[in-house]
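**Q** Questions regarding the structure given below will be posed in turn.
The values are calculated or read from the model by the stated rules, or taken from the named source; none is laboratory data. Note that the structure is a prediction, hence the values are computed from the model and not measured. Cβ sites come from the backbone with ideal geometry, for glycine too, and all protein chains shown count toward neighbours. Areas reflect the complete protein model, heavy atoms only, side chains present, ligands, DNA and RNA absent. Shrake-Rupley method; radii C 1.70, N 1.55, O 1.52, S 1.80 Å.
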Amino acid sequence: MSLNMIKFLLLSPSFFIFYPSVVISQTRPSSDGSHGRWNLLSESVGISAMHMQLLHDNKVVIYDRTDFGPSNISLPGGLCRVDPDDEALKIDCTAHSILYDTITDTYRPLMVQTDTWCSSGAVLPNGTLVQTGGFHDGDNVTRMFTPCTNDSCDWVEFPEYLSRRRWYATNQILHDGRIIIIGGRREFNYEFFPRSSPRRTFQLSFLRETREGDVENNLYPFVHLLPDGNLFIFANTRSILFDYNQNRVVREFPSIPGGDPRNYPSTGSSVLLPLDENEYRIDPEVLVCGGAPSGAFQLAARGTFVRATPTCGRLRVTDQNASWVMETMPIPRAMGDMLLLPTGDVIIINGVQLGTAGWELGRLPATRPVIYHPSHPSDQRFSVMPPSPRPRMYHSAAILLADGRVLVGGGNPHIYYNFTNVVYPTDLSLETFSPPYLSPDYASVRPVILSVDETISRGQRFLVSFSVEEYLTQSVLSVRIIAPSFTTHSFSMNQRMVVLKIDDIIYDDTSSYTSSVFGPSSSEIAPPGYYMLYVVHSGIPSSGVWVRIQ
């Protein structure tokens, strides 16, 4: 038994104790809600949140990796995972995945057999999470989790489903509901789920070209589905417009200025900014923020932690002479998660100010979130939020919840679970950050959705009824849908926001209104599946309601 395992057993009184539906809500003093507020949900959910996905039943699938050694939550019913090749624990009766219920603040352990370390995922149009790849015995595996109304659902695994090893790959849902799986360590190609018959893999030389020696700096490439059906793919410092149907590069964009790599292990992040159906023509923009200078990984391995990249680049991909517009963040950041908020703003949360991703390679945690306002004047786009007392560094994650909070967890910059004698102990907690728009100060202008069609068809009208105490004007009202993200390693795959076109507003009474809204105009704008729908009034969003786009 390793020294780290012995330490864990000595420090873990709950080892091999099963917690059925554990209640985890806990409050602590926090900042003024008008400036954002942190709330601790639980000191420990048993595992470190390396990967997270919100499902349409408001439950979150969370998992780390299977070869950490024992976690702090047991599998139910005497279940054990047996793996003779596991380097940490060959018989493991603890869980490495949980299902967290955001409504009841409870969670239960899930059973995952093969190693999910540094894997990827996407949600099918029917709401099933498809998770792909990992490490060792998990690198060619596909796993599926389908939500259920009781506690019977769990992971179902399909060994050797993938044609290639998918470790540090990226998934993107496509307009037809398929998933494209791109790259991975030493994999310069892509494939699809469901797989074709016969099974096929397609080469993508761009990934080979952007590899930076043994450090790589092109893993977990940033991938966004664009309204024209092509993919925007960013790796290292370069980006392309890619036609995956014809397997051809349509266009290469200029390299991002400054020369700093933005992908793992330099690890910046990226979002596709909101797509607005009210515009005459949708001109998609991509935002890339953070990263680390070339050579930062090697320097950190020798004990020198260089300053993370402080810049963001913004690219309008439809411009004939598209070029990056650069901006400087208030806080330099590597390993920061970027999430679209219901307002259309972007929160940048978690990460470090020195070093890179990797075991023990980050220093000076970036505990203050920053909110980026895309539509503000260029000198007023960043707002700095209050800090969390918990560093969230390597292997942390964040996702947007339907009620507008940001769920934050993880942080394990070590090979195993290390809780003592390290600079930054492994973190098993979950907390939320409430952006300023959730402050009670805005209650009078906050909309409340009363009813909405559960299924929305492309281009067809549907009705959204809502109430608001102090209605201002239609000019400050919008209806938006957000696809929930699969977040790991600072990239939130598949998230997208569409601002829908409002046809008319009907005043039902003094505080109740019905809006006639058009569904998304195409499946390239909004692929089929589940979305959170928000009514935003004067910059203040309602809680989200789940709808299904078909």
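**Q** Quick one: in the range 532-547, of everything that is assigned to a loop (DSSP other than H, G, I, E, B) and touching a Phe, Trp or Tyr at 6+ places or on another chain (Cβ under 6 Å), which residue is nearest to residue 496 (Cα to Cα)? Break it down into steps so the answer makes sense when it comes.
**A** Kept after step one, since they are assigned to a loop (DSSP other than H, G, I, E, B), are these residues of the range 532-547: 538-539, 542-544.
Next, from what is left, pick out any that are touching a Phe, Trp or Tyr at 6+ places or on another chain (Cβ under 6 Å): 542, 544.
On the way: 542: 18, 544: 15 Å.
Here the residue is 544.
**Q** Can you tell me which residue within the range 242-257, out of those that are open to solvent by 20 Å² or more (accessible area, probe 1.4 Å) and β-branched (Val, Ile, Thr), is nearest to residue 521 (Cα to Cα)?
**A** 250
**Q** Follow-up. Which number in (1) surrounded by fewer than 18 Cβ atoms within 10 Å (Cβ to Cβ); (2) closer than 22 Å to residue 232 by Cβ; (3) of a type in the set (Lys, Arg) marks the one condition that residue 262 misses?
**A** (1)
**Q** Anything in the range 38-63 that is open to solvent by 30 Å² or more (accessible area, probe 1.4 Å) and in a strand (DSSP E or B)? List them, or say none.
**A** 39, 59
**Q** Would you point out the residue of the range 188-219, among those that are assigned to a loop (DSSP other than H, G, I, E, B) and of a type in the set (Gly, Ala, Ser), that is surrounded by the fewest Cβ atoms within 10 Å (Cβ to Cβ)?
**A** Filtering the range 188-219 down to residues assigned to a loop (DSSP other than H, G, I, E, B) leaves 188, 194-201, 204, 210-211, 213-215, 217-218.
So of that shortlist, the ones also of a type in the set (Gly, Ala, Ser) come out as 196-197, 213.
Working: 196: 12, 197: 6, 213: 8.
Within the range 188-219, the match that is surrounded by the fewest Cβ atoms within 10 Å (Cβ to Cβ) is 197.
**Q** I'd like to check something: does the range 220-241 contain any residue that is crowded, with 20+ Cβ neighbours inside 10 Å, at positive phi and part of a loop (DSSP other than H, G, I, E, B)?
**A** yes
**Q** Same structure, new question: Between a residue in the range 179-198 that is touching a residue at least 12 places away in the same chain (Cβ under 8 Å) and within 18 Å of residue 528 (Cβ to Cβ) and any residue that is open to solvent by less than 20 Å² (accessible area, probe 1.4 Å) and part of a loop (DSSP other than H, G, I, E, B), which pairs come within a Cβ distance under 7 Å, given they are 6 or more apart or on different chains?
**A** From the range 179-198, the pairs are 180/174; 180/244.
**Q** Show me the strands (runs of 3 or more DSSP E) entirely contained within the range 286-402 in which 1 or more residues are at pLDDT 95 or above and open to solvent by 40 Å² or more (accessible area, probe 1.4 Å).
**A** Working: elements: 311-316, 325-328, 337-340, 346-349, 352-355, 362-365, 370-372, 382-384, 396-400.
By residue number, 311-316, 325-328, 352-355, 362-365, 382-384.
**Q** Look through 472, 477, 430, 438 and report the one residue that is open to solvent by less than 10 Å² (accessible area, probe 1.4 Å) and either in contact (Cβ under 8 Å) with a residue 24 or more places away in the chain or more than 18 Å from residue 534 (Cα to Cα) (or both). Show your work before the answer.
**A** On the way: 472 fails: open to solvent by less than 10 Å² (accessible area, probe 1.4 Å); 477 fails: open to solvent by less than 10 Å² (accessible area, probe 1.4 Å); 438 fails: open to solvent by less than 10 Å² (accessible area, probe 1.4 Å).
Answer to the check: 430.
**Q** Return the residues of the range 90-105 that are open to solvent by 20 Å² or more (accessible area, probe 1.4 Å), in a strand (DSSP E or B) and within 16 Å of residue 407 (Cβ to Cβ); say none if nothing qualifies.
**A** Result: 101, single match.
**Q** If you don't mind, another one. Would you call residue 86 surrounded by fewer than 23 Cβ atoms within 10 Å (Cβ to Cβ), among the charged types (D, E, K, R), assigned to a helix (DSSP H, G or I) and without any contact (Cβ under 8 Å) to a residue 60 or more places away in the chain?
**A** Details: surrounded by fewer than 23 Cβ atoms within 10 Å (Cβ to Cβ): yes; among the charged types (D, E, K, R): yes; assigned to a helix (DSSP H, G or I): no; without any contact (Cβ under 8 Å) to a residue 60 or more places away in the chain: yes.
Considered against the rule, which asks whether it is surrounded by fewer than 23 Cβ atoms within 10 Å (Cβ to Cβ), among the charged types (D, E, K, R), assigned to a helix (DSSP H, G or I) and without any contact (Cβ under 8 Å) to a residue 60 or more places away in the chain, residue 86 comes out as no.
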